1. Name the lysines eligible as straight-distance cross-link partners of LYS112: C-alpha to C-alpha under 28 Å, and not fewer than 8 places from it in the same chain.
2. Quick check: net charge around TYR103, other residues with Cβ under 13 Å of its Cβ, Lys/Arg +1 and Asp/Glu -1?
3. Once a ≥ b ≥ c are taken as the square roots of the eigenvalues of the Cα gyration tensor of the stretch 121-175, is the result rounded (a/c under 1.5), prolate (a/b larger than b/c) or oblate (a/b not larger than b/c)?
4. Where nothing but the Cβ of Lys and Arg (+1) and of Asp and Glu (-1) is charged, how large is the charge dipole of the stretch 161-223 around its Cα centre, in debye to the nearest 20?
5. Net charge within 12 Å of GLY193 by Cβ-Cβ distance, Lys/Arg positive one each and Asp/Glu negative one each, not counting GLY193 itself?
6. Could you work out the longest stretch of the chain that avoids the GluC sites (Glu not before Pro) located in DSSP loops with at most 16 other Cβ atoms within 10 Å?
7. Rounded to the nearest 20 Debye, what is the dipole magnitude of the chain about its Cα centre when Lys and Arg each give +1 and Asp and Glu each give -1 at the C-beta?
8. Starting from the amide H of VAL94, placed 1.01 Å from N in the peptide plane, find each other amide H under 5 Å away whose residue is 5 or more places distant or on another chain.
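Taken together, the values in this text are just the output of simple stated rules run on the coordinates, not laboratory data. Model, not experiment: these values are computed from the prediction. So basically every Cβ, Gly included, is an ideal-geometry build from the backbone, and we count neighbours across all protein chains shown.
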Amino acid sequence: MRQPVIVGNWKMFKLFAEAIQLVLDLKPQVVNSRHCDIVVAPPFTVLKTVNDRLEGSSIKTAGQNLCDQSGQGAFTGEISGAMLKDLGCSYVIVGHSERRQYYQETDEIVNKKTRAALNAGLRPIVCVGERLQERENNEMEIVVGRQVRDGLSGLTAEELSLILIAYEPIWAIGTGRTATPEIAATMHKFIRGIVAENWGSQLSENIRILYGGSVKPDNISILMAESEIDGALVGGASLDATSFAQIVNYK
């Protein structure tokens with residue numbers, strides 16, 4: 001059985017006091033939630049503070065992004081995987097659709113960032129997904145297939161075993177539109193098939209594939225009822241402790 005994972009991506013929200021209040025409100029609502037792994041991805045500015053407040057809980061943290069260079073260097077404005085690890089992170093989101101859309105991150109860059117994350121001892125959550133026009137043109141498998149193959153190119157089976165994949169149809173992110181459970185499950189099965197072709201069936205059966213795209217308390221249960229869906233990458237609904245806790249406690 002694959003352990004489900006619920007990840008809350010706070011994006012560019014929450015100042016210092018707000019972040020503290022959110023985690024203090026969240027902790028007691030998920031203290032008995034052992035059926036899934038729980039991860040939050042705060043802004044860099046409050047990562048240390050959030051990690052300190054989460055000490056003793058089962059909630060882990062993720063960076064929202066990282067530099068594609070390992071180690072240290074003259075890369076003004078960047079944050080390395082080692083820095084995220086030093087702040088207490090266990091995971092890092094790589095290749096989110098907003099990074100691809102607004103900051104022109106390519107599959108090659110996603111590949112480099114994934115490697116940098118692994119080198120730092122972080123578990124990458126690698127995001128893939130198609131735009132609305134690509135789905136309407138029936139190109140979703142071409143697009144997502146390329147993103148998986150190129151984004152994870154050259155990784156060993158051992159490295160891939162540490163990775164989570166998040167399928168986030170871009171047309172469903174922040175739009176209120178959610179892929180039906182059937183659409184999401186079909187794409188998850190397709191992604192799992194690509195992993196099987198390139199890294200073997202055993203790894204494909206074990207890799208966790210999350211769904212992201214307007215996940216809310218009222219649709220999480222039907223999404224998680226699909227055997228191919230191993231969790232969720234939650235955006236806006238993770239900014240409220242009660243809402244996110246309801247998603248975590250979907251059972």
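1. LYS11, LYS48, LYS60, LYS85, LYS189
2. Here the charged neighbours net out to -1.
3. Oblate, because a/c is 1.5 or more while a/b does not exceed b/c.
4. Dipole size: approximately 80 debye.
5. -1
6. That would be 140-251.
7. It works out to roughly 480 debye.
8. Hits under the 5 Å cutoff: ILE125, VAL126, CYS127.
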